[in-house]
1. Going through segment A:19-57 one residue at a time, which ones are more than 13 Å from the chain's Cα centre (by Cα), touching a residue at least 40 places away in the same chain (Cβ under 8 Å), away from every other protein chain (no Cβ under 12 Å) and not in a strand (DSSP E or B)?
2. Would you point out which residue out of B:Arg22, B:Arg64, B:Arg109, B:Arg9 is away from chain A (no Cβ under 14 Å) and in contact (Cβ under 8 Å) with a residue 40 or more places away in the chain?
3. Could you say which residue among A:Val111, A:Val19, A:Val13, A:Val4 is touching a helix residue (DSSP H, G or I) at 6+ places or on another chain (Cβ under 6 Å), modelled with pLDDT of 95 or more and aliphatic (A, V, I, L, M)?
4. Could you please let me know if A:Gly16 is within 12 Å of chain B (Cβ to nearest Cβ) and either over 15 Å from the mean Cα position of the chain (by Cα) or of a type outside the set (Asp, Glu) (or both)?
5. Which residues, taken from segment B:77-113, are among the hydroxyl-bearing types (Ser, Thr, Tyr) and crowded, with 20+ Cβ neighbours inside 10 Å?
6. Which one is farthest from A:Pro79 (Cα to Cα) among residues in segment A:1-50 that are among the β-branched types (Val, Ile, Thr) and surrounded by fewer than 15 Cβ atoms within 10 Å (Cβ to Cβ)?
7. Just to verify a result, which residue in segment A:58-113, among those that are on the phi > 0 side of the Ramachandran plot and touching a Lys or Arg at 6+ places or on another chain (Cβ under 7 Å), is nearest to the other protein chains (Cβ to nearest Cβ)?
8. Select from segment A:73-100 the residues that are acidic (Asp, Glu) and either without any contact (Cβ under 8 Å) to a residue 12 or more places away in the chain or out of contact with any Gly (no Cβ under 7 Å at 6 or more places or on another chain) (or both) and list them in ascending order.
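The values are calculated or read from the model by the stated rules, or taken from the named source; none is laboratory data. Small disclaimer: the values here were computed from a predicted structure and weren't measured. All Cβ positions, even for glycine, are placed from backbone atoms using ideal geometry, and neighbour counts span all protein chains on display.
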Amino acid sequence: AQSVTQLDSHVSVSEGTPVLLRCNYSSSYSPSLFWYVQHPNKGLQLLLKYTSAATLVKGINGFEAEFKKSETSFHLTKPSAHMSDAAEYFCGMRYQAGTALIFGKGTTLSVSS
Amino acid sequence: DAGVIQSPRHEVTEMGQEVTLRCKPISGHDYLFWYRQTMMRGLELLIYFNNNVPIDDSGMPEDRFSAKMPNASFSTLKIQPSEPRDSAVYFCASSWGRSTEAFFGQGTRLTVV
């Protein structure tokens, strides 16, 4: 079955420290992978995407993610957290061309000063 | 483009009433998705369309839910009759192409009392 698993439901960091949000996927195909961010009472905004080009993908606001096929992972990182990064983050996958975008259950990122 | 437009933004209705949620996708997009977000279940795919044709409705929870896309610029999600457990935020999203990211609307917060 095709699925996305976000390994942490909640991550807490201090401002200025690195951020790591973990995402594993299960797919029999070569998927496209995405990270979205959702601020309170807002829709989802795309942070970055992997669509079989470079395995290290850079996104907006200093975020990046690395596609590792051997580990079936697509973890999201940022070198230095900012207070404005506090939000809900969703990892998503289109496991085959023409399929729907499916998501993990989300990770809440808290940033303390 | 104004992005994906959903209406209404908030809906409060009594149990047993019919509820219709509306979505206008981004012009030129050929995929449209309906999602439901709850604390317990996260972001669930309900149904998606390609070129106005429903492709997969396996996520629709029961016969009380129905969705239509009469043309490329409009879709509806209807719940009849509504129940308190239908209370959630419903998102519409659209995309262009078979592997690209989806763009989300601001969502409709539905409360059934």
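1. Correct list: A:Ser27, A:Ser28.
2. On inspection, the qualifying residue turns out to be B:Arg22.
3. Step by step, each of A:Val111, A:Val19, A:Val13, A:Val4 is checked, and only A:Val111 is touching a helix residue (DSSP H, G or I) at 6+ places or on another chain (Cβ under 6 Å), modelled with pLDDT of 95 or more and aliphatic (A, V, I, L, M).
4. no
5. Within segment B:77-113, B:Ser82, B:Tyr90, B:Ser94, B:Ser95, B:Thr108 qualify.
6. In this case the residue turns out to be A:Thr5.
7. A:Gly98
8. A:Asp85
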